[in-house]
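The values are calculated or read from the model by the stated rules, or taken from the named source; none is laboratory data. Computed from a prediction, not measured in an experiment: that's the story for all the values here. Ligands, DNA and RNA are stripped out before the accessible areas are found, and what is left, the full protein with its side chains, is counted by its heavy atoms. Shrake-Rupley method; radii C 1.70, N 1.55, O 1.52, S 1.80 Å.
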Amino acid sequence: CFPSRLLSKGSVREIDSPGDVLERANDIIVPDSPDGMFVTIFYAVLDLDTGVLEYANAGHNQPLLLRAATCQVEQLSRGGMALGVQEGNHIQEGHTTLQPGDYLVLYTDGVTEAFSPEYDPFGEERLRATISSAAGCAAPPVEPPSAQLLLSGLDQAVQAFIGSGQPSDDLTVLVLYRCETTDDD
């Protein structure tokens with residue numbers, strides 16, 4: 001993973017497009033990639049002033065976006081296969097706008113593939129429901145929870161689900177919250 005991060009950072013300096021950055025990184029990784037080895041990556045650029053998020057996804061779990069205005073959870077599109085599999089991997093780009101109050105949740109498959117003691121997977125539907133619940137969608141709070149509180153709610157739900165069992169894979173979650181803005185910001 002470390003060489004992939006460096007490679008992506010190096011590519012960023014020369015290329016503006018998230019999809020083009022990942023395509024270039026892929027073509028550099030492929031010749032040195034041992035059989036069966038690959039890298040999944042979600043790469044995005046967020047304009048802090050407008051909330052526009054331009055992204056490319058190479059085989060990674062599709063991030064979830066909770067819309068504050070509707071409490072609906074949307075899935076961002078997948079853009080291409082993982083890096084290191086084959087040269088010429090075309091990776092489509094996507095874009096969306098994070099409105100004030102929206103949450104973007106990025107996660108590894110260890111979250112959705114966490115198993116209960118009865119071997120039931122946590123799954124994406126449970127993840128979506130947990131995001132909505134932790135964000136207060138059932139009974140909206142006076143103030144929306146911070147990204148840290150949403151992250152803590154997700155962590156507690158997954159830990160309670162697996163009980164005393166061990167995670168089957170890494171459990172990594174990143175939550176981004178777009179704050180409300182004022183004219184003074």
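Brief remarks on what is shown
- Percentage of interatomic Cα-Cα distances in region 88-185 larger than 24 Å: 34 percent
- Rg/Rh for the chain, where both radii come from Cα atoms and Rh is the Kirkwood radius: 1.00
- A 1.4 Å probe run over the protein chains yields, for the chain, 57 Å² of accessible area per residue, whole-number rounding.
- Along principal axes, Cα extents of region 131-176, largest first, whole Å: 36, 20, 11
- Taking every DSSP beta bridge that has both ends in the chain, the antiparallel portion is near 95%.
- Overall Cα dimensions of region 40-143, principal axis frame, Å, largest first: 50, 46, 15
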